[in-house]
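As structure tokens, the structure follows; a few thoughts come after it.
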Amino acid sequence: MGEIDDAIERADREAFTREPPKTLKGQIGYLLKQMGSAKAVAQELGVTADSVNRYRRGARKHARPDVAAKINDAVRARWQPQVRRRRQKQAATSGGITVETRARFGYTAPVGTTDDGRFRRLTVHLPPAYAQRLFDARNAGASDQQMRGIIAEGFKEVYFQDGGSRATGLSDVEINDIDYLDLDY
């Protein structure tokens with residue numbers, strides 16, 4: 001996963017209205033309900049179906065750290081999909097998306113202006129159209145670089161050009177060397 005994917009996952013987790021199960025037995029029970037069989041859960045986690053059943057019965061109270069992390073990730077990925085979809089739909093139709101980042105921004109500008117990239121800390125609210133494009137790209141399996149391009153285009157329009165009232169000669173904005181990136185919608 002890339003930085004943008006991680007930021008979307010964090011924003012989705014913040015939307016949870018209830019916390020996912022915390023115990024190993026509870027998490028395995030939830031995965032069994034979602035996936036239908038111990039075999040399917042075992043395949044997802046990279047363990048045997050017998051191990052899954054031992055976790056479910058409580059015969060094994062703790063999983064290896066790597067397996068515990070996979071279990072936690074699998075539960076969180078499936079937890080409250082309706083809440084995720086509703087928030088993403090709202091962001092894509094009316095709310096937009098807020099991007100907070102510290103990164104090096106470079107851009108192509110007319111001769112005589114400075115186009116040297118430099119670190120900037122920005123918090124910019126992008127219109128719903130950019131949220132829709134970002135979610136569509138992610139669902140289509142776009143690379144982190146492609147999703148950066150969508151965000152950079154939004155920054156160009158909203159922040160650098162202020163909706164067309166300044167820096168009209170600016171043609172390209174690039175986001176490089178991301179220090180951190182956080183999304184909220």
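The values are calculated or read from the model by the stated rules, or taken from the named source; none is laboratory data. Computed from a prediction, not measured in an experiment: that's the story for all the values here. Every residue, glycine among them, receives a Cβ derived from its backbone with ideal geometry; neighbour counts consider all protein chains shown. Note: areas computed on protein heavy atoms with side chains; ligands, DNA, RNA excluded. Shrake-Rupley method; radii C 1.70, N 1.55, O 1.52, S 1.80 Å.
In order along the stretch 26-40, the phi-based Karplus estimate (6.51 cos²θ - 1.76 cosθ + 1.60, θ = phi - 60°) of 3J(HN,Hα) comes to x, 5, 5, x, 5, 5, 4, 5, 6, 9, x, 8, 5, 5, 5 Hz; Gly and Pro are listed as x.
Scanning residues 5 or more positions from Glu174 or on other chains, those with amide H under 5 Å from its amide H are Gly106, Tyr107, with H placed 1.01 Å from N in the peptide plane.
Our coupling estimate for the stretch 133-138, obtained by passing each phi through the Karplus curve with A = 6.51, B = -1.76, C = 1.60 and θ = phi - 60°, is 4, 5, 5, 4, 5, 5 Hz, Gly and Pro reported as x. Here Lys70 is the anchor, and the lysines within straight C-alpha reach of less than 19 Å, apart from those fewer than 8 places off in the same chain, are Lys22, Lys25, Lys33, Lys39, Lys61. The HN-Hα couplings worked out from phi for the stretch 80-94 by the Karplus form 6.51 cos²θ - 1.76 cosθ + 1.60 (θ = phi - 60°) are 6, x, 5, 5, 4, 4, 4, 5, 5, 5, 4, 5, 7, 10, 9 Hz, whole numbers, x standing for Gly and Pro.
Extension gain for the segment Lys25 to Ala77, taken as residue separation times 0.36 nm less the Cα-Cα distance, is 17.0 nm to one decimal. Solvent-accessible area per residue in the chain equals 56 Å², computed with a 1.4 angstrom probe and all protein chains kept. Given axes a ≥ b ≥ c from the Cα gyration tensor, I'd like to know whether the chain is rounded (a/c under 1.5), prolate (a/b larger than b/c) or oblate. Here the chain falls in the prolate category. One decimal place: the segment Thr17-Asp179 gains 55.4 nm when fully extended, by the rule 0.36 nm per residue minus the C-alpha distance. Note on the chain: GNM, Cα springs under 10 Å; of Glu157, Glu19, Glu174, the largest mean-square fluctuation is that of Glu19. To put it simply, the accessible area of the chain at a 1.4 Å probe is 46 percent carbon and sulfur.
Projected label points at Ala49 and Leu122, each 7 Å from Cα along the beta carbon direction, are separated by 5.3 nanometres. A straight chain from Arg86 to Lys70 at 0.36 nm per residue would run longer than the Cα-Cα distance by 3.2 nm.
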